[in-house]
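*Asks:* Starting off with a structure, shown below.
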Amino acid sequence: MASPASAGGRLTLPIRRNKIPAMSKRITHVSRSTNAEYHGRKRYEHWLVDNQVYFITARCRAQFPAFVGEVAKNIFWDRFDYYTHEFGFVPWVTSLIDNHYHTLGYLRLGDNLPRMMQRIHGSVAKLVNDTLAARLTPFWRDAKGKEYFDGCIRDERQARLAYRYTLRQAERHHIVNDYRTYPHTRVNVALERAIGRALELKAFMEGVPYKRYLDRQRPAR
């Protein structure tokens with residue numbers, strides 16, 4: 001396995017932590033700021049949950065197609081594979097498109113999530129920028145300072161929707177007619193095996209309201 005590349009420009013996330021004692025899972029909230037609100041609205045938080053199935057997605061700033069070339073895609077996969085292994089995230093299915101990616105998988109220790117994302121995003125940004133004619137800075141962060149989205153999967157139904165959504169990304173973006181012919185959609189764990197193991201481990205956050213999912217039938221929080 002290749003050694004870690006320089007992660008440069010890492011974002012320090014663990015600033016504000018609010019524990020929720022009423023739930024059986026250990027959960028903490030992590031925000032980029034000590035202020036709970038931004039312009040009168042609740043500030044976006046990352047939920048760090050042990051023994052949890054996560055849907056994670058991120059997009060290049062301004063939808064720039066930084067991964068249009070195979071060299072850039074290979075950099076992403078090398079760093080993604082390295083750091084997901086290091087931090088104990090087991091990808092079920094992952095799709096990389098020219099300007100974004102989605103992944104669905106299982107994480108044993110919630111506290112590993114921000115560190116894993118810092119390493120993946122920092123190293124990918126540095127190494128892919130080295131291949132671009134003009135550097136994309138910041139590489140991931142949007143106007144609100146958000147680098148990625150992570151959603152805790154609530155139940156089997158949502159897991160199946162998120163799996164299918166991720167699996168068929170190349171078809172949704174009209175890259176191929178059949179996702180099975182697209183080399184940058186990778187299945188690490190077959191759907192039924194993944195669902196069965198998650199149910200066995202009680203790795204869904206059942207019983208927690210998920211208004212956007214219920215209203216719009218999408219896998220994201």
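Taken together, the values in this text are just the output of simple stated rules run on the coordinates, not laboratory data. Worth saying up front: this structure is predicted, and the values here are computed from it rather than measured. Cβ sites come from the backbone with ideal geometry, for glycine too, and all protein chains shown count toward neighbours.
*Asks:* Taking Cα pairs under 8 Å and at least six residues apart, what relative contact order does segment 87-198 come out at, in percent?
*Replies:* 36
*Asks:* Given Lys73/Lys126; Lys73/Lys202; Lys126/Lys146, which pairs have Cα atoms separated by over 25 Å?
*Replies:* Lys73/Lys202
*Asks:* Calculate one ³J(HN,Hα) per residue across segment 64-81 by plugging θ = phi - 60° into the Karplus curve 6.51 cos²θ - 1.76 cosθ + 1.60, and present them in order as whole Hz with x for glycine and proline.
*Replies:* 5, x, 5, 9, 5, x, 5, 4, 5, 4, 5, 4, 4, 5, 4, 6, 4, 4
*Asks:* Take peptides 179-190, 77-88 and line them up by average Cβ neighbours within 10 Å, highest first, as a rough protection proxy.
*Replies:* 77-88, 179-190
*Asks:* Based on the mean of other Cβ atoms within 10 Å per residue, sort peptides 111-118, 46-53 so the most packed one is first.
*Replies:* 46-53, 111-118
*Asks:* Same structure, new question: Among 89-99, 199-209, 164-174, how do they line up from the highest to the lowest mean number of other beta-carbon atoms within 10 Å?
*Replies:* 89-99, 164-174, 199-209
*Asks:* How many nm is it between the label spots at Leu136 and Arg180, if each spot is 7 Å from the Cα in line with the beta carbon?
*Replies:* 3.1
*Asks:* Whole-Hz ³J(HN,Hα) for each residue in segment 90-99, computed from phi via Karplus 6.51 cos²θ - 1.76 cosθ + 1.60 with θ = phi - 60°, x for glycine and proline: what do you get?
*Replies:* After applying 6.51 cos²θ - 1.76 cosθ + 1.60, I find 9, x, 8, 8, 9, 10, 10, 10, 4, 10 Hz.
*Asks:* A follow-up question, please. Post the alpha-carbon centroid distance, segment 106-131 to segment 176-198, in whole angstrom.
*Replies:* 22
*Asks:* Now for a different question. Please state the shape class of segment 135-184: rounded when a/c is under 1.5, otherwise prolate if a/b exceeds b/c and oblate if not, all from the C-alpha gyration tensor.
*Replies:* Oblate, since a/c reaches 1.5 and b/c is not below a/b.
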